[in-house]
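Asks: One structure, as C-alpha cells, below. Some questions next.
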Amino acid sequence: MSVAVAMPSLTELAITAAIAAAKVICDVYHRPIHVVTKSDGSPVTEADAAAEAVIIEHLSDTGLPILGEESVAAGIIPVLGERYFVVDPLDGTKEFIKRNGEFTVNIGLVEHGRPIMGVVLAPATGELFVGDSAGAWSAKVVDGTMTGRQAITVGLLPRLRIVASRSHGHAALEQLCQSMDVESDVSVGSSLKFCLLARGDAQLYPRFTPTCEWDTAAGQAVLEAAGGAVVTLDGAPMRYGKGDLKFLNSYFVAASSNALAQRAASEMRALLG
C-alpha cells in the first residue's frame, strides 16, 4: 500500500533528490567520461546509473512506484498504480558528452495518467524549474543550496519564437516555422525546452521525433503549471503509463497556450500527411 504524502512534501523531496543527483553528475562531468552504447543505439554514461540510484534512494520511502529510465533499460519495470514517479536521471546524455551544459535531472509525479508535479534541474548551471498544483517557479542551486526563487509563467510575443532540439532535427520543422510565421528559433537540449516555454522565453516546441515518458513528464508538469499545454497531434493531452508501448510518446507539441498547441498540432498533422 502506498504511503500518503502531502503534495508539497513530494515536491520538496523531489527537489532534494534532484540536487543530490546533480552533485553525482557533476562529479563525473569534471573528469573523463566513459560512454557505452545501449541496445537502442543511445549513449549512456556512469553518471546516468549513479544519479538514478541516488534519486531512488531519496524517493523510495514514499512507497510510490518509480519508473526510471535506467531501471527500465535493465528490465526493472514496477507495477504502476494511479500515482507514481517518473525519473530521467540524466536527460540530454548527448549534451552531457558534448559538455555544453544543456542536460537535466528530471523528476515527475504522474497521477491518473497526467503529470501533476515536475522538477527539472540543470546540474551544470544550477538552473531549477518546478511546477505543481501551486504554480510554477524557478530558482538557482549554488553549492547544493536553492536561492532566488521566483514565479514563472508563459508569455506571449507579437510573433512566435520556437524551441528546437540541438540533437534531434526533422525536415518538417522548417516548413512548420514558415506556416506558423515563426520569428526566430532557440536551440537547446534536454527538457530545458519545456522550461524556456514555461518562463516565457519561447512559445512553441514541436516534437517530430521519438521521446519516452521519462523525457517529458517533469517538463510537461512545469509547463502546464506555468499555464502552457502539451498535446499529441490528435489534439489530446499527452498521457502517461503507456507500458504496452514501452513508454514511448507519440509526436507532440508543447505551447504557451492550449489554443496555440491545437493550431500547431493541426499544422503538424498536415505536414506529416
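The values are calculated or read from the model by the stated rules, or taken from the named source; none is laboratory data. Quick caveat: nothing in here was measured; it's all calculated off a predicted structure. Ideal geometry is used to build each Cβ from the backbone, glycine not excepted, and the neighbour counts take in all protein chains shown. With ligands, DNA and RNA removed, areas are computed over all heavy atoms of the protein, side chains included. Shrake-Rupley method; radii C 1.70, N 1.55, O 1.52, S 1.80 Å.
Asks: Regarding the range 119-131, can at least one residue be identified that is surrounded by 13 or more Cβ atoms within 10 Å (Cβ to Cβ) and within 20 Å of residue 257 (Cβ to Cβ)?
Replies: Taking the range 119-131 and keeping what is surrounded by 13 or more Cβ atoms within 10 Å (Cβ to Cβ), we get 119-131.
Okay, now just the ones that are also within 20 Å of residue 257 (Cβ to Cβ), so 129, 131.
Yes, that holds for at least one residue.
Asks: Does residue 16 qualify as being without any contact (Cβ under 8 Å) to a residue 60 or more places away in the chain and over 18 Å from residue 119 (Cα atoms)?
Replies: When the stated conditions are applied, residue 16 does not pass them.
Asks: Look through the range 146-166, keep the residues that are among the hydroxyl-bearing types (Ser, Thr, Tyr) and modelled with pLDDT of 95 or more, and return whichever of them is least open to solvent (accessible area, probe 1.4 Å).
Replies: 147
Asks: Also, quick follow-up: Just checking, how many residues over the range 169-181 are in contact (Cβ under 8 Å) with a residue 24 or more places away in the chain, open to solvent by 80 Å² or more (accessible area, probe 1.4 Å) and not in a helix (DSSP H, G or I)?
Replies: 0
Asks: Check the range 37-60 and report whether any residue there is touching a residue at least 60 places away in the same chain (Cβ under 8 Å) and either more than 16 Å from the chain's Cα centre (by Cα) or not in a loop (DSSP other than H, G, I, E, B) (or both). Full working, then the answer.
Replies: Initial filter on the range 37-60 (touching a residue at least 60 places away in the same chain (Cβ under 8 Å)): none.
Checked against the condition, which is being touching a residue at least 60 places away in the same chain (Cβ under 8 Å) and either more than 16 Å from the chain's Cα centre (by Cα) or not in a loop (DSSP other than H, G, I, E, B) (or both), the range 37-60 yields no hits at all.
Asks: Shifting gears a bit: Within the range 100-112, count every residue that is open to solvent by 10 Å² or more (accessible area, probe 1.4 Å) and under 19 Å from residue 228 (Cα atoms).
Replies: 1
Asks: What number of residues in the range 205-220 are over 18 Å from residue 41 (Cβ atoms) and surrounded by fewer than 24 Cβ atoms within 10 Å (Cβ to Cβ)?
Replies: 1
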